[in-house]
Amino acid sequence: MASSHPLRLITGAPGSGKSLAVESMFTLDSRYLVFDMDWLIGPVSGMAGADLRSAEDLWPRYNDLWLEVLHVIELNGGRPVLFTPMSPSDLQSAIPTWCSQVHWLRLDCDESIRIERLKARGESYDSIRTAVEDARKLRRQVERPALDTSNIHPGIVGQRILEWLTALGA
């Protein structure tokens, strides 16, 4: 018997606040299992023999790996939520057959705040420029719902994400 489950994706370009939102989600009483797509970059890079952060040709397979992880969690009765830089165009040809619906929430922030956050992390000029462009692309692909993290404490961001998930009922 084929199973059908929703896919819950929280997206955002670098500097949007995904990592802090993940941390804040851990402090909340929630039935959702939170995952950050960055968590497996090191081990998978080691297996692939290439740094996934710069090996764009491997990204579709890395996305597929995460989708399978989410599916197994769903099969075990969990409610996974993936924080990811993926966009709808990354999934156009790869929506899994088990997926009944894809729910997107975009985390975003003002460009000046994104640049400030990325500089504080020691990102290069090219990485910052790419992140700003990625944010613009994501805004076109996931217009709504969106959560502006510019001036909101990460704990409040986590609470708002949980409210969004609860409203989905998925």
| task | State the percentage of accessible surface on the chain attributable to carbon and sulfur atoms; use a 1.4 Å probe and exclude ligands, DNA and RNA. | result | 52
| What full-extension length gain, to one decimal in nm, is calculated for residue 51 and residue 73 as 0.36 nm per residue of separation minus the Cα-Cα distance? | 5.3 nm
| said: Give me the dipole magnitude in Debye, nearest 20, for segment 32-138 about the Cα centre, with unit charges on the beta carbon: positive for Lys and Arg, negative for Asp and Glu. | reply: 180
| remark: Long-range amide H partners of residue 146, meaning residues 5 or more apart or on another chain whose placed amide H is closer than 5 Å, are 106
| field | Selection from 145, 11, 47, by position along the positive dipole direction of the chain (Cβ) | value | 145
| note | If each part is reduced to its alpha-carbon centroid, segment 27-91 and segment 130-161 end up apart, in Å, by 19
| task | Provide the per residue accessible area, probe 1.4 Å, for the chain, rounded to a whole number of square angstrom. | result | 55
| task | Convert each backbone phi in segment 117-134 into a coupling constant with the Karplus relation 6.51 cos²θ - 1.76 cosθ + 1.60 (shift: θ = phi - 60°), then list the ³J(HN,Hα) values in order as whole Hz, x for Gly and Pro. | result | 4, 6, 4, 5, 7, x, 5, 6, 4, 5, 5, 5, 4, 5, 4, 5, 5, 4
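At 0.36 nm per residue, minus the direct Cα-Cα distance, what do residue 102 and residue 124 gain on full extension? Give it in nm, one decimal, please.
My answer for the length gained is 4.6 nm.
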| Zone of residue 3's modelled label, taken as backbone nitrogen in segment 72-99 under 17 Å from a point 7 Å along Cα→Cβ | 72-82, 96-99
| Loop sites in segment 88-170: trypsin sites (Lys or Arg not before Pro), DSSP, at most 12 other Cβ within 10 Å | 121
| message | Tell me whether segment 49-167 comes out rounded, prolate or oblate; compute the Cα gyration tensor, take square roots of the eigenvalues as a ≥ b ≥ c, and use a/c under 1.5 as the rounded threshold. | response | oblate
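The values are calculated or read from the model by the stated rules, or taken from the named source; none is laboratory data. This structure is a prediction, so every number in the text was calculated from the model and none was measured. A quick note on method: Cβ atoms are made from the backbone with ideal geometry, for glycine too, and the neighbour counts reach across all protein chains shown. We work out accessible area using only protein heavy atoms, side chains counted, and drop any ligands, DNA or RNA first. Shrake-Rupley method; radii C 1.70, N 1.55, O 1.52, S 1.80 Å.
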